[in-house]
1. Once amide H atoms are built 1.01 Å from N in the peptide plane, which residues 5 or more positions from ASN211, or in another chain, come under 5 Å H to H?
2. Across the stretch 267-275, in residue order, what do the Karplus-derived ³J(HN,Hα) couplings come to in whole Hz, using 6.51 cos²θ - 1.76 cosθ + 1.60 with θ = phi - 60° and x for Gly and Pro?
3. With θ set to phi - 60°, apply the Karplus curve 6.51 cos²θ - 1.76 cosθ + 1.60 along the stretch 120-125 and write out the HN-Hα couplings as whole Hz, x wherever there is a Gly or Pro.
4. Would you mind checking which residues have amide H under 5 Å from HIS154's amide H? H placed 1.01 Å from N; only 5 or more apart, or other chain.
5. Report the extension gain between ASP203 and THR174 in nm, rounded to one decimal, defined as 0.36 nm multiplied by the number of residues separating them, less their alpha carbon distance.
6. Relative contact order of the stretch 103-244, please, whole-number percent, based on alpha carbon pairs below 8 angstrom and at least 6 residues apart.
7. Mind checking the full-extension length gain between SER270 and ALA86? Use 0.36 nm per residue of separation minus the Cα-Cα distance, one decimal, nm.
8. I'd like the trypsin sites (Lys or Arg not before Pro) in the stretch 173-275 restricted to DSSP loop residues with at most 12 other Cβ atoms within 10 Å, sorted by number.
Amino acid sequence: MSLVAAAVLLAGCSGPQQAGPGWTAQPATTGSATSGTATSGSAASGPGDSASAAPGTASAAPDAAGSSPASASATPGEPRAAATAASWKTFSDPAKSVSFDLPSDWIAQSVPPEEGVLPGGLKVDVKKPDGTFVAALRTGLPPSSPDCPDDARHPYTVISSVPFDLAAQGGAGTIPPRMVYRVIQGYRYFGSYGITNLVGGTDGRACELRNVVRGPDGKGDLSFGDLVGLKAFAPDEKVAPAQAFDTLAQAAQYVNDSSDFANVQRMLMSLKVKN
């Protein structure tokens with residue numbers, strides 16, 4: 001499929017749609033997002049990955065990682081972050097193979113994919129009007145299972161995990177797709193959002209958290225998020241577009257209170273992929 005970046009800036013974006021009901025990042029629980037008491041390993045280990053929740057609310061049970069969401073959250077009855085964009089539009093690539101909704105003032109632009117993608121693979125960057133990068137949709141990614149020695153694994157915490165429907169997903173070894181926000185511990189707590197149908201790691205530790213949906217055989221994987229994979233960065237490495245926090249409570253507060261995150265959540269969960 002031919003991709004011409006200049007010709008598809010905002011191409012395939014339909015007219016504005018009025019914003020739907022507010023989307024909460026995760027249900028209110030006890031505890032305070034500003035308490036600062038969350039520490040490494042504070043998320044309890046869970047037994048499995050079968051929990052589910054209605055779209056727009058995060059599951060309080062274990063997700064793909066086998067770790068419960070961080071306990072730091074807003075108290076019951078407090079206002080929740082909502083998708084505050086006044087209107088929304090729909091992006092679709094020229095071949096109509098993928099589509100997703102985004103705020104009407106955000107920019108979706110098809111760009112040349114990285115080397116090594118499968119035939120027909122594409123990449124779509126999403127940015128704010130000022131050029132700030134939000135997320136990238138990538139398709140046709142070669143399946144990858146990087147080695148992860150025990151001494152390279154880092155503790156991680158699932159802040160939010162929301163199941164949603166996505167037609168194009170893999171078979172053996174996958175779980176139902178989820179939109180997740182996860183944090184991995186290095187010299188700081190590094191956070192990333194994306195969609196996945198892969199288990200994050202074992203015993204709450206991982207080398208890299210993959211924001212990847214394993215596709216059917218021969219179709220390749222897809223990724224929709226700020227990073228394809230989140231790791232614990234070294235002090236001399238560039239962190240962006242991942243976020244860095246001093247505490248898990250700060251990460252939970254971002255998920256619970258940020259309208260930016262609520263808009264991203266709605267966008268990522270609106271993804272439709274043609275089989």
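1. The answer is GLY229, LEU230.
2. Using θ = phi - 60°, the values come out as 5, 5, 6, 8, 4, 10, 10, 7, 5 Hz.
3. x, x, 9, 9, 10, 8
4. When sequence neighbours closer than 5 places are left aside, the close amide H contacts are ALA206, CYS207.
5. Roughly 8.7 nm would be gained on extension.
6. Computed value for the stretch 103-244: 22 percent relative contact order.
7. Taking 0.36 nm per residue and subtracting the Cα distance, the gain is 64.6 nm.
8. Of the trypsin sites (Lys or Arg not before Pro), the ones in loops of the stretch 173-275 whose Cβ has at most 12 other Cβ atoms within 10 Å are LYS238, LYS274.
FYI, it's all coordinate maths here, none of it is from the lab. Predicted, not measured: the structure shown is a model, and the values here were computed from it. Cβ sites come from the backbone with ideal geometry, for glycine too, and all protein chains shown count toward neighbours.
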